[in-house]
């Protein structure tokens, strides 16, 4: 796993505060992680109920392929950072909004 440098000044400029940027990134990372886990659970749920077929090598290969597909994906924090740098993360400051 290679180390990737991050321009912290760029992240700080996006929100005006590096701590706020990190808070936003952590929330987005948790969202990505939760979505990825749900997707994996859905795909692996297909294999439930096939007790005898799980002995079949083709079934095992398919299940291993699905698991490996998710192991190869980028980490959720890395995806969140990339999304924020590309401007794909929506965030707002509730203290800036006017009271209705």
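The values are calculated or read from the model by the stated rules, or taken from the named source; none is laboratory data. For clarity, every value in this text was computed on a predicted model and none was experimentally measured. FYI the Cβ positions are ideal-geometry reconstructions off the backbone, even for glycines, and counts take in every protein chain you see.
Looking at (1) part of a helix (DSSP H, G or I); (2) over 23 Å from residue 74 (Cα atoms); (3) modelled with pLDDT under 90, which is the one condition that is false for residue 40? Among (1) part of a helix (DSSP H, G or I); (2) over 23 Å from residue 74 (Cα atoms); (3) modelled with pLDDT under 90, the lone unmet condition for residue 40 is (2). Just give me the residues in the stretch 56-100 being touching a residue at least 60 places away in the same chain (Cβ under 8 Å) and part of a helix (DSSP H, G or I), in sequence order. Result: 78, 81, 84, 85.
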